[in-house]
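Report on one structure; see the data block that follows.
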Amino acid sequence: MIRPAISAMLIVLLAACSSWPSRHQLPELPLLSPASLGQQWQLTQSVSIAPLSAATDNRQPQTLLAAWSVTEERLDLAGLTLMGQTLLTLSYDGDNFSESTSPLLPDEVSGRDILTQIQLAYWPVDVIQKALAGSDWTLEATGDRILYLGQKPALTIAIADGNKTDTPLESITITNHLMHYQLQIQTLTREKLNRAESP
């Protein structure tokens, strides 16, 4: 079954508030084909971000919305403010990646990174591990999904219900160990798509 998403908005949320740290220059993660997920879904999610050092950091959590869908043919995502303003749109068909971003977002925002992080949360573990083989990245999933850069944990994806994968409206905590922030993600709606319903 499908795994809950990172909701991909972590880079967007960082960029939406200029006081957040900039992106690290990291080895590139591969994009996986939409069809390799093996399922078709449409989701809307609320995403909030806060620094890990909340006790000593007075920055307030930032919240926005992510709406995305995946079919055998393509993966599409839109990032929105709570007022409904579009911050970016992304699309990937397994060969071609395209993005459109709002002038509100700095050049450092990487739509490609957003999609790779969605896939780290949702795509089957064996598909991800095969794609990462021979790279600087490894993924372990004995409980939470943990992405390593070399021997160092880079990203942890934890699901509130104990990592069950059939919860329709899951709550997720994403910890970015490299950039020192944490995401709280709540799925608001999730619909399984038939081929005829695909966007």
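The values are calculated or read from the model by the stated rules, or taken from the named source; none is laboratory data. It should be emphasised that the depicted structure is a prediction, and the values quoted were computed from it without experimental measurement. Virtual Cβ from ideal backbone geometry, glycine too; neighbours counted across all protein chains shown.
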Would a scan of the range 143-151 turn up a residue that is surrounded by 18 or more Cβ atoms within 10 Å (Cβ to Cβ), modelled with pLDDT of 80 or more and not hydrophobic (A, V, I, L, M, F, W, C)?
yes
Just checking, which of Ala50, Ala160, Ala67 is modelled with pLDDT under 80 and more than 24 Å from Leu26 (Cβ to Cβ)?
Ala160
With the requirement that a residue be surrounded by 12 or more Cβ atoms within 10 Å (Cβ to Cβ) and either at pLDDT 85 or above or over 23 Å from Tyr148 (Cβ atoms) (or both), what does the range 18-27 give you?
Trp20
Taking the range 129-157, which residues are part of a loop (DSSP other than H, G, I, E, B), out of contact with any helix residue (DSSP H, G or I) (no Cβ under 9 Å at 6 or more places or on another chain) and not acidic (Asp, Glu)?
Ala133, Gly134, Ser135, Thr142, Gly143, Gly150, Gln151
The listed residue being more than 17 Å from Gln40 (Cα to Cα), assigned to a loop (DSSP other than H, G, I, E, B), at pLDDT 90 or above and not small (Gly, Ala, Ser), out of Asp57, Asp95, Asp126:
Asp95
Please specify each residue of the range 70-85 satisfying the condition of being within 17 Å of the chain's Cα centre (by Cα) and either part of a strand (DSSP E or B) or at pLDDT 85 or above (or both).
Val70, Thr71, Arg74, Leu75, Asp76, Leu77, Ala78, Gly79, Leu80
Which pairs have Cβ atoms under 7 Å, sit 6 or more apart or on different chains, and link a residue in the range 101-123 that is within 13 Å of Ser36 (Cβ to Cβ) and buried (at least 18 other Cβ atoms within 10 Å of the Cβ) to one that is at pLDDT 80 or above and among the polar types (S, T, N, Q)?
Trp123/Ser36
